[in-house]
1. Being modelled with pLDDT under 95, of a type outside the set (Gly, Ala, Ser) and on the phi > 0 side of the Ramachandran plot is true for just one of 153, 122. Which residue is that?
2. Mind counting the residues in the stretch 70-95 that are out of contact with any Ser or Thr (no Cβ under 8 Å at 6 or more places or on another chain) and of a type outside the set (Asp, Glu)?
3. If we scan the stretch 33-47, do we find a residue that is within 21 Å of residue 154 (Cα to Cα) and either modelled with pLDDT under 95 or not in a helix (DSSP H, G or I) (or both)?
4. Kindly provide the set of residues from the stretch 23-71 that are under 19 Å from residue 81 (Cα atoms), under 13 Å from the mean Cα position of the chain (by Cα) and not β-branched (Val, Ile, Thr), ordered by number.
5. Quick one: in the stretch 76-90, which of the residues that are among the polar types (S, T, N, Q) and within 16 Å of the chain's Cα centre (by Cα) is nearest to residue 51 (Cα to Cα)?
6. Could you count how many residues in the stretch 26-75 are β-branched (Val, Ile, Thr) and in contact with a helix residue (DSSP H, G or I) (Cβ under 8 Å, 6 or more places away or on another chain)?
7. Confirm whether residue 51 is under 25 Å from residue 142 (Cα atoms) and in contact with a Lys or Arg (Cβ under 7 Å, 6 or more places away or on another chain).
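The values are calculated or read from the model by the stated rules, or taken from the named source; none is laboratory data. Every value quoted in this text rests on a predicted model; they were computed, and no experiment measured them. Please note: Cβ atoms are built from the backbone with ideal geometry, for glycine as well, and neighbour counts cover all protein chains shown.
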Amino acid sequence: MRTFLIIFITALLSISALSQTSLKPDELAPTFSSSSLDGNFYDMSALKGSVVVMTFWSTRCAICHNEIPMLNKLTSRYAGKKVVFLALTTENEQRIEPYLRSNPFKFQILPNSFGVLLQYADRTRDGNLNMGFPAFYVVDQGGKIAYRSSGYDKAAPLAAAIDRLITN
């Protein structure tokens, strides 16, 4: 009986780990709802019809710090268009508000987003989270992932992905 239980638990954990694959383009983006620093409420289901640009970032991420000015230019470029810019962080308001005073970020900031990160992060075979920072996702008007990437100097590929979606 004990051997059966060990085999059963091992099989269950193996299936669980293997089923945790990365999100790919053309898959539906996981839905979530969250409040931003300025008190607005964002629900991915309600954002259908708009292009949604998301970045996962941190105040402690040097690459994120360097990307913010380039990302801010994107928000200006698409002002007045149906494009929503969300910046998700696992950090709380007390940590990010002082940072934002000296490093303005024009995206809608969604603090305390660890639960959302769990939905979007890749998983290794042993179930550990694997997400580079900053991580970027562009979700099309129908709620599907159109683009994803992470790392440095991603403003141009993000703009190209947004342009493809708003011109179609």
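1. 153
2. Going through the stretch 70-95 one residue at a time, the tally reaches 13.
3. no
4. Of everything in the stretch 23-71, those that are under 19 Å from residue 81 (Cα atoms), under 13 Å from the mean Cα position of the chain (by Cα) and not β-branched (Val, Ile, Thr) turn out to be 44, 54.
5. Per the stated criteria, the residue is 89.
6. Number satisfying all stated conditions: 6.
7. On the way: under 25 Å from residue 142 (Cα atoms): yes; in contact with a Lys or Arg (Cβ under 7 Å, 6 or more places away or on another chain): yes.
Answer is yes for this residue.
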